[in-house]
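Novice: Pasting a structure here, questions to come.
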């Protein structure tokens, strides 16, 4: 399940089946450049780039990469923030028939070395501001480096891709690939071990985009989207960039997310759609206390983690835009379920499966088979459909462990109602067992988030000699808040069962966040587990 084919239209996929069909994710940008050449594709600061310009520059970059020795099937790593060059390098690599390996922008050199070695990257394209760690990691891995965004007179000894493009013959179009060839290798967060490279096929990524636009998202040509989600992550890459470009939208890119900057950018450029993870919604609510400006949002999408109902309701009140929640993973390209366009969202749920995808609830204790549970029971979400990855790169055992009876085991706990709507309870690994009782952190976080002095909250389990695990919480308070940890403990204790409320609350200036904006609970456990 982990093959990268060298010759399009002649590969054997999934055993003996051979296809003559071709596909390429690069067609997303190529087609929109042909259909909407003068529409603005990307805005970064005061720089606007049309679809025709972006595709022409992409073909130039592809020519430069080809001259550098990149061929079909090669892996090209890229360490680039949310700027137009991310799109240029991404689609240039795909246009060559090569495989894109986006690298998380916050990784350090040893972590970068691991990704480069594990993926078998031939080349790293690194933005000049990230060369400190990027070039060091590439040097450790013995991988060649070219840079983008470097001044013409200084690239720290590395060739500039812009200059190489100027002296190379550009491609004229993209190279067709077998639909099930690997297009991207995206590395999981590694919360349960070394990060694994999930291989996304051209077919899965294209079908995801088309399904998003046909029956999932409310997005149309000319819409202005805020590109605040990191593009090296599956959410921003597929839902914002690929889906946005496929429909002919304009993406306002932010190199680094900040609530105040995001609000200002949305107001300045008239953004109609916002996509974010819960911490971004919390940051925008905080920014709204310092600015009276409000964008004319028509629509907001939340994913990546469960959005507390208190935050959802307050955002809809402050920004006057409905929030549609969804659910997905890197391994599912990513969207698997959603509160679909045309149907009023069910707050607190992740909606229903997207077109062509099945989601059921299985017994998490049975690992060698998928045993379904009745509606209403808590179990593990399992998924099958066109959106699944090819597998984990060079990890057949890991792939086999999550692909059981044709279903992908997510590791997430949830329920399914009789109406088909799904609700996430928590990650199996985040569940706390106190005195033999299951405590789901999300429920406790919902209560904490409803306190007027709390802007962010994370609940986690710490070791305890008597109870096995104890419930702990970390919170960030609004400016000027006076509530004490003891008062927050009593606030939660009044709302939920006695075994669920936190016995300790830590007040922090900020929660530890990963590159995609998720709270890193393992860091909180490491920090406070021995306290």
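Novice: Quick one: how many residues across the stretch 3-40 are modelled with pLDDT under 95 and either within 30 Å of residue 53 (Cβ to Cβ) or touching a helix residue (DSSP H, G or I) at 6+ places or on another chain (Cβ under 8 Å) (or both)?
Specialist: Going through the stretch 3-40 one residue at a time, the tally reaches 1.
Novice: Could you list, ordered by first residue, the pairs with Cβ atoms under 9 Å in which the first is in the stretch 386-406 and without any contact (Cβ under 8 Å) to a residue 12 or more places away in the chain and outside the structural domain of residue 195 (by TED's automatic domain parsing) and the second is assigned to a loop (DSSP other than H, G, I, E, B) and surrounded by 14 or more Cβ atoms within 10 Å (Cβ to Cβ), at least 6 apart or interchain?
Specialist: 400/1
Novice: Now for a separate question. Going by the conditions given, is residue 364 surrounded by 15 or more Cβ atoms within 10 Å (Cβ to Cβ) and outside any strand (DSSP E or B)?
Specialist: Yes: the conditions hold for residue 364.
Novice: Which ones in the stretch 428-465 are modelled with pLDDT under 80 and not in a strand (DSSP E or B)?
Specialist: 428, 429, 431, 435, 436, 440
Novice: Against the definition (in contact with a strand residue (DSSP E or B) (Cβ under 8 Å, 6 or more places away or on another chain) and either closer than 24 Å to residue 475 by Cβ or modelled with pLDDT of 95 or more (or both)), how does residue 339 come out, yes or no?
Specialist: Spelling it out, residue 339 is indeed in contact with a strand residue (DSSP E or B) (Cβ under 8 Å, 6 or more places away or on another chain) and either closer than 24 Å to residue 475 by Cβ or modelled with pLDDT of 95 or more (or both).
Residue by residue, here is whether (1) touching a residue at least 24 places away in the same chain (Cβ under 8 Å); (2) on the phi > 0 side of the Ramachandran plot holds:
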position	(1), (2)
280	yes, no
320	yes, yes
337	yes, no
374	no, no
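Novice: Regarding the stretch 263-276, can at least one residue be identified that is modelled with pLDDT under 95, in contact with a helix residue (DSSP H, G or I) (Cβ under 7 Å, 6 or more places away or on another chain) and buried (at least 24 other Cβ atoms within 10 Å of the Cβ)?
Specialist: no
Table: residues versus (1) under 19 Å from residue 205 (Cα atoms); (2) at pLDDT 95 or above; (3) assigned to a loop (DSSP other than H, G, I, E, B).
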| position | (1), (2), (3) |
| --- | --- |
| 43 | no, yes, no |
| 58 | no, yes, no |
| 61 | no, yes, no |
| 73 | yes, yes, yes |
| 76 | yes, yes, no |
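Novice: Now, a different point. Within the stretch 504-524, can you find the residues that are assigned to a strand (DSSP E or B) and in contact (Cβ under 8 Å) with a residue 60 or more places away in the chain?
Specialist: Within the stretch 504-524, 513, 519 meet the criteria.
Novice: Kindly list the number of the only condition in (1) outside any helix (DSSP H, G or I); (2) touching a residue at least 12 places away in the same chain (Cβ under 8 Å) that fails for residue 94.
Specialist: Result: residue 94 fails condition (1) only.
Novice: Would you check which residues across the stretch 201-218 are surrounded by 24 or more Cβ atoms within 10 Å (Cβ to Cβ) and more than 16 Å from the chain's Cα centre (by Cα) and list them?
Specialist: 201, 202, 216, 217 - these are the residues of the stretch 201-218 that are surrounded by 24 or more Cβ atoms within 10 Å (Cβ to Cβ) and more than 16 Å from the chain's Cα centre (by Cα).
Novice: Can you tell me how many residues in the stretch 159-170 are surrounded by 20 or more Cβ atoms within 10 Å (Cβ to Cβ) and part of a loop (DSSP other than H, G, I, E, B)?
Specialist: Within the stretch 159-170, residues that are surrounded by 20 or more Cβ atoms within 10 Å (Cβ to Cβ) and part of a loop (DSSP other than H, G, I, E, B) number 0.
Novice: Another question, then. Of the residues 98, 105, 150, only one is over 25 Å from residue 304 (Cβ atoms), touching a strand residue (DSSP E or B) at 6+ places or on another chain (Cβ under 8 Å) and modelled with pLDDT under 95; which?
Specialist: Being over 25 Å from residue 304 (Cβ atoms), touching a strand residue (DSSP E or B) at 6+ places or on another chain (Cβ under 8 Å) and modelled with pLDDT under 95 holds for just one of 98, 105, 150, which is 150.
Novice: Please pick out the residue among 381, 393, 422, 413 that is on the phi < 0 side of the Ramachandran plot, modelled with pLDDT under 95 and crowded, with 18+ Cβ neighbours inside 10 Å.
Specialist: None of the others qualify; the one that does is 413.
Novice: Among the listed residues 186, 231, identify the single one that is surrounded by 22 or more Cβ atoms within 10 Å (Cβ to Cβ) and either touching a strand residue (DSSP E or B) at 6+ places or on another chain (Cβ under 6 Å) or part of a helix (DSSP H, G or I) (or both).
Specialist: Just one listed residue meets the conditions, 186.
Novice: Does the stretch 327-336 contain any residue that is at pLDDT 95 or above, in contact with a helix residue (DSSP H, G or I) (Cβ under 9 Å, 6 or more places away or on another chain), crowded, with 16+ Cβ neighbours inside 10 Å and in a loop (DSSP other than H, G, I, E, B)?
Specialist: Within the stretch 327-336, one or more residues are at pLDDT 95 or above, in contact with a helix residue (DSSP H, G or I) (Cβ under 9 Å, 6 or more places away or on another chain), crowded, with 16+ Cβ neighbours inside 10 Å and in a loop (DSSP other than H, G, I, E, B).
Novice: Right, here's the next one. Criterion first (surrounded by fewer than 18 Cβ atoms within 10 Å (Cβ to Cβ) and in contact with a strand residue (DSSP E or B) (Cβ under 7 Å, 6 or more places away or on another chain)) does residue 406 satisfy it?
Specialist: Judged against the criteria, residue 406 is a match.
Novice: Go through the stretch 134-176 and give me each residue that's under 17 Å from residue 86 (Cβ atoms) and in contact with a helix residue (DSSP H, G or I) (Cβ under 8 Å, 6 or more places away or on another chain).
Specialist: Listed by number, the residues that qualify are 134, 145, 146, 147, 148, 149, 150, 161, 165.
Novice: If you don't mind, another one. Among the numbered criteria (1) out of contact with any helix residue (DSSP H, G or I) (no Cβ under 7 Å at 6 or more places or on another chain); (2) surrounded by 18 or more Cβ atoms within 10 Å (Cβ to Cβ); (3) in contact (Cβ under 8 Å) with a residue 40 or more places away in the chain, which one does residue 451 miss?
Specialist: It is condition (1) that residue 451 fails.
Novice: Being touching a strand residue (DSSP E or B) at 6+ places or on another chain (Cβ under 7 Å) and outside any strand (DSSP E or B) is the filter; apply it to the stretch 342-361 and report the residue that is surrounded by the fewest Cβ atoms within 10 Å (Cβ to Cβ).
Specialist: This residue is 356.
Novice: Please enumerate the residues belonging to the stretch 29-41 that are touching a residue at least 60 places away in the same chain (Cβ under 8 Å), part of a helix (DSSP H, G or I) and within 15 Å of residue 251 (Cα to Cα).
Specialist: Once the filter is applied, which keeps residues that are touching a residue at least 60 places away in the same chain (Cβ under 8 Å), part of a helix (DSSP H, G or I) and within 15 Å of residue 251 (Cα to Cα), the stretch 29-41 yields 29, 32.
Novice: On to the next question. Modelled with pLDDT of 95 or more, closer than 30 Å to residue 202 by Cβ and buried (at least 18 other Cβ atoms within 10 Å of the Cβ) - does that describe any residue in the stretch 306-320?
Specialist: No, that holds for no residue.
Novice: Looking for whichever is crowded, with 22+ Cβ neighbours inside 10 Å, in the same structural domain as residue 438 (by TED's automatic domain parsing) and closer than 19 Å to residue 285 by Cβ here; the options are 481, 474. Which one fits?
Specialist: 474
Novice: Please go through the stretch 78-91 and give me each residue that is in a helix (DSSP H, G or I) and closer than 20 Å to residue 143 by Cα, ordered by number.
Specialist: 86, 89, 90
The values are calculated or read from the model by the stated rules, or taken from the named source; none is laboratory data. This structure is a prediction, so every number in the text was calculated from the model and none was measured. Counting neighbours? That spans all protein chains shown, and the Cβs are built from the backbone with ideal geometry, glycine included.
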